[in-house]
Amino acid sequence: MSMKTIEVPDYVSDEFDRPLSHPSKRANAINLSIDRVYHLAAEALKGLEWPDWEIEGQNYHSLNNVEPYGFERVGSRFYIYLEQRGRKMPIAVFKSYYMAADYFVWLVSKGMRAIQWDSFMDMEP
C-alpha cells in the first residue's frame, strides 16, 4: 500500500508517529490486543445486516458486504472508510484502536450498538 503525506498540526503528527504500545511487555501483545478489539467490534455488530461492513480485510463482515463500511489497520493507524464502486473513501483515522472500534460500531449501527469491553477477556495477552 502506498503512503502519501498530508499536512497536520505538530501535536497530531507527534501522536501519530509514536509507535503503538501496550502495558503488557509480552511478545505480540499489541497484535493480540488488536485482534481482540476486532473480535469485539464484530461481536457488537453481529446480526446487524444493514449497512454492509467489514473489519480487517473481511476477517469479519456482514452477510451482504457489497459496498461496506470498513475498519482496518495500516501500520500504526486505524482507518474507517466507506467503499463505493471499489474505491475506499476515508471517513476517519485513529491512533487508538479502542477509539476507532467504538466509532466504527457507533457509525455502522447508527448509534444502536456498543462494544461490550468486558467480553472475551481471555483473548487479552
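Worth pointing out:
- With neighbour counts taken as other beta-carbon atoms within 10 Å, the residues Arg36, Arg113 rank, fewest first, as Arg113, Arg36.
- Pair-distance distribution P(r) for the stretch 48-109, from all Cα-Cα distances in 5 Å bins starting at 0: 4, 21, 32, 28, 12, 3 percent.
- Rough spin-label spacing in nm, given labels placed 7 Å along Cα→Cβ, for Val74 and Asp35: 2.4
- Computing FRET efficiency as 1/(1 + (r/R0)^6) for Arg85 and Asp10, where r is the C-beta to C-beta distance and R0 is 30 Å, gives about 0.25.
- Within the chain, the whole DSSP H helices whose Cα atoms reach 18 Å or more along their own axis and whose mean Kyte-Doolittle score is at least 0.5 are 29-45.
- Each residue, Ala114 and Tyr98, gets one label point 7 Å from its Cα in the Cβ direction; the gap between the two is 1.5 nm.
- Checking the Cα-Cα distances for Lys4/Lys110; Lys4/Lys95; Lys88/Lys110 against a 22 Å cut-off, the pairs over it are Lys4/Lys110.
- Contact order for the stretch 50-125, expressed relative to its length and based on alpha carbon pairs under 8 Å spaced 6+ residues apart, stands at 20 percent.
- Note on the stretch 48-109: with charges restricted to the Cβ of Lys and Arg (+1) and Asp and Glu (-1), its dipole about the Cα centre is near 340 debye.
- Ranked by how many other beta carbons lie within 10 Å on average, peptides 99-106, 9-16 from highest: 99-106, 9-16
- Along the axis of the charge dipole computed for the stretch 48-109 (Cβ charges of +1 for Lys and Arg, -1 for Asp and Glu, origin at the Cα centre), the listed residues Val93, Val66, Ser109 are led at the positive end by Val93.
Read-outs: derived from the displayed coordinates by stated rules, not from any lab. All values reported here derive from a predicted model rather than from experimental measurement. A quick note on method: Cβ atoms are made from the backbone with ideal geometry, for glycine too, and the neighbour counts reach across all protein chains shown.
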